[in-house]
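The values are calculated or read from the model by the stated rules, or taken from the named source; none is laboratory data. All figures in this text were calculated on a predicted structure; none of them were measured in a lab. Glycine gets a Cβ as well: all are built from the backbone with ideal geometry, and neighbour counts include every protein chain shown. Side chains included, ligands, DNA and RNA excluded: accessible areas come from the protein's heavy atoms. Shrake-Rupley method; radii C 1.70, N 1.55, O 1.52, S 1.80 Å.
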Amino acid sequence: MKAVVHDEYGSADVLGFEDVERPEAGAGEVRVRVRAAGVDPSVWHLTRGLPYPVRAVSGLRRPKTRVPGLDLAGVVEAVGAGVTRLKVGDEVYGTCSGAFAEYAVGKEERFVAKPSTLTFEQAAVVPVSACTALQALRGAGKVAAGQRVLVIGAGGGIGTYAVQLAKVFGASVTGVCGTGKVELVRSLGADDVVDYTREEFGGGYDLILDTAGNRPLHRLRQALTPKGTLVLVGGEGGGKAFQGIDRQLRALLLSPFIGQRLRSLFATQPTADLVLLADLVEAGKLRPVIDRTFPLSAAADAVRYLELGHTAGKSVLTVP
């Protein structure tokens, strides 16, 4: 089968496109014929091996996993022993290691039925980003109806879902984004949109979800109510060693000593969340946003485009 591979850390130039052995489904696993795969920031972080702490998991000197990618949508082609919920021929979406390939193998619980109203391409950009937004709001953020919520990076992969989900939970939402994404964020249901190139956001927010990762903690705290909650998702800047992770560490250390709650997030993609997101999609309350579509063979170009930092929603790879 064809797959995107990398055997060293570096820019998108290290990504190749080769014939590799088709994976086999083990006990409790399913093999999926990939139809589309989402491209999110975790891909380029793992491609570069940055920030350095990620290498404790991904491999100190070189990647442990040759094939990158997490998000995917496709058709179950084979099932391993003990698989009972899914069967051959089911259209599914979810996550597994090695999504940038014609076939991928993952645990059964990492996949659920694809929303019938979505194409494979649309479904493939949901799992990682939408689960992150859901867990940031509902879990770490404890969002409640009537609250004022600020979403920074509202036009990005996580932000587009966060705006919609915050509205589902009954919050009043202000989205922060660049000029080119203002109308998009407004169309997703934001009550107010702040173009950060022209103005600064105000204060009085009960919950701030920062997906952009480049504003100082003191500025974010100024925008919170005295008992408000800040949830930091990801981080940029700060050099190769930390790339913004230091801001999250400082927030966690400071939080016990102040009235505001400062939280970080390590998101997962559990079955229950994937099912909930599918239900919201089917109900017309949540829609994915796709910026650009690339063929699987052009994964390096997709990662280069992602690194520019201007993607509206997410990009997706299609697998013929």
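What to note about this one:
- Rough spin-label spacing in nm, given labels placed 7 Å along Cα→Cβ, for ASP7 and ALA81: 3.4
- Peptides 203-209, 291-297 ordered by packing proxy, namely the average of other Cβ atoms within 10 Å per residue, highest first: 203-209, 291-297.
- Computed with a 1.4 Å probe over protein heavy atoms only, the accessible area of ARG33 comes to about 60 Å².
- Each peptide in 110-119, 58-67 receives the mean, over its residues, of other Cβ atoms within 10 Å, and ordering these scores from highest gives 110-119, 58-67.
- Of the residues ASP13, ASP279, ASP90, the one with the largest accessible area comes first in the ranking ASP13, ASP279, ASP90, computed with a 1.4 Å probe on protein heavy atoms.
- The distance linking the range 274-320 with the range 56-131 is 14 Å (Cα centroid to Cα centroid, whole angstrom).
- Using alpha-carbon coordinates, inclination of helix 245-254 to the longest axis of the chain, degrees: 50
- Compared with the dominant Cα axis of the chain, that is its longest principal axis, helix 271-282 is turned about 80°.
- A protection proxy built from the mean count of other Cβ atoms within 10 Å ranks the segments 98-105, 126-133, 215-222, most packed first, as 126-133, 98-105, 215-222.
- Shape of the range 164-229, Cα gyration tensor, a/c cut at 1.5: oblate
- Calculated [θ] (222 nm, deg cm²/dmol) that DSSP helices of n ≥ 4 give over the chain, each run adding -39,500 (n - 2.57): -7000 deg cm²/dmol
- Between 0 and 90°, nearest 10: helix 157-168 axis offset from the chain longest Cα axis: 60
- Carbon/sulfur fraction of accessible area - the range 147-248, other protein chains in place, 1.4 Å, %: 51
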